[in-house]
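Bear in mind that the values in this text are calculations on the coordinates, not laboratory data. Here the structure is a predicted model, which is why all the values come from computation and not from measurement. Every residue, glycine as well, gets a Cβ built from its backbone with ideal geometry; the counts of neighbours run over all protein chains shown.
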Amino acid sequence: MLNIITINSQNWEQYIENVPRKLLVYGPDTVHARGIFCANNKLFTANSNGHVYEFDLKKNKTKQWTVEPFVELRDIHIHQDQIHFMQSNDSCVAGSIKKKYKNKEIIFTQPIQTFLDGFDFLYSGRGIMLGDPVDGKFQFYLKEKDSLNWKKIESDNLKIEKGEAAFAASGSCIQILDDSTFYFISGGKNSNLFTSFDNASTWKKYKLPFKSSESSGAFSFVFWNKKEGIVVGGDYLNPQNGKDCCFLTNDGGKTWKEPIKGLGGYRSCVIKVDDCLYACGTNGIDVSNDNGMHWYLVDKSNSFSLCFDEKFVYATTINGKILQLKRWKNIK
């Protein structure tokens, strides 16, 4: 059975009906961010105009880290004094900015010969990065904690089906749970969950029950332990359709079930924040307080990616803005 946590209270009803929120303006009104990361009271964004921005939540000011723009940035992560970012377009780059190197900011870049979909890191700084299939196999790169370089690794059991790839919608199609446990999802004409428990050497594949088309499938997921997890997605060309957009597992991905009350439509990102789940997409943001069995629409903003800190959940949206939502635990 799924571990369901239900809070039946007037406070919860009040929260979902009117979540305290405000819009933060961090960049030009022509940009949006598919990647966002929160660290030290600052929001770092990977933007459609190819720049990395840092928004100071206390000073309400933005710093632009990149002088010359990249093509399009889709993911971002902060570790100590390093900003890691990912360019995905006709040309792809894994980049790092050393914020304090001999009193200068130094940008390291590494060209990657495949379309990049996302990366994820452990607290130690060790990371894994996913690239689209080449010659019928997904591409993987590992970064060790003391290195700025990504090393390509060969993995077995990664043969793909026709029309299968990963979506670089929010950088959340891959997850590193611990030093040896990796997950990623695919979509398109075939959607699957891939799991590895031996440092990405071998993989197991589990079918995901999304509808098949070039524009639909699994876009984002999160596991909070090796058994329980959630995957969201849908069809980005038909974002109002909330059917077959969310599935839950309690056996590590072997079987999946739909929520009792589903999402409001296509969703590009999902995160777990204490005892709540938040998911965002083209037509809004949903929240669940029972591990994804019941979802409630709390905002109608066109949103791309999510992160959180001790007080708030942040959603990137259009026109250089970030939506700040009060976290449920801070309402109680």
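Taking amide H atoms as placed 1.01 Å from N in the peptide plane, list the residues 5 or more away in sequence, or in a different chain, whose amide H sits under 5 Å from that of L208.
Answer set, sorted by chain and number: S191, N192, L193.
Which FRET efficiency value, to the nearest 0.05, is calculated for V67 and I260 with the Förster distance at 56 angstrom and r the Cβ-Cβ distance?
That pair, V67 with I260, gives E of 0.65.
From the Cα gyration tensor of the chain, with a ≥ b ≥ c the square roots of its eigenvalues, which class applies: rounded if a/c is under 1.5, or else prolate if a/b is larger than b/c, or else oblate?
Cα axes put the chain in the oblate bin.
What distance in nm separates the two pseudo spin-label positions at K98 and D274, each 7 Å out from Cα along the beta-carbon direction?
Result for the modelled spin labels: 3.9 nm.
Can you give me the C-alpha center-to-center distance between segment 145-186 and segment 213-242, rounded to a whole angstrom?
16
Just to confirm my numbers, what's the Cα centroid distance between segment 251-269 and segment 69-95 in Å?
Taking the Cα centre of each part, segment 251-269 and segment 69-95 sit 29 Å apart.
List the lysines whose Cα lies under 20 Å from the Cα of K137, skipping any in the same chain that are fewer than 8 positions away.
Partners found: K151, K152, K159, K162, K189, K204, K205, K207.
Please give every one of the lysines within straight-line cross-link reach of K63, meaning a C-alpha to C-alpha distance under 22 Å, and leave out same-chain neighbours fewer than 8 residues apart.
Candidates past the 8-residue exclusion: K22, K42, K98, K99, K100, K102, K104, K321.
Any idea what the relative contact order of the chain is, in percent, if you count C-alpha pairs under 8 Å spaced at least 6 apart?
15
Can you show me the helix-derived [θ] at 222 nm for the chain, built from DSSP H runs with n ≥ 4 at -39,500 (n - 2.57) apiece and divided by the number of residues, rounded to the nearest 500.
Estimated from H runs of four or more residues: -500 deg cm²/dmol.
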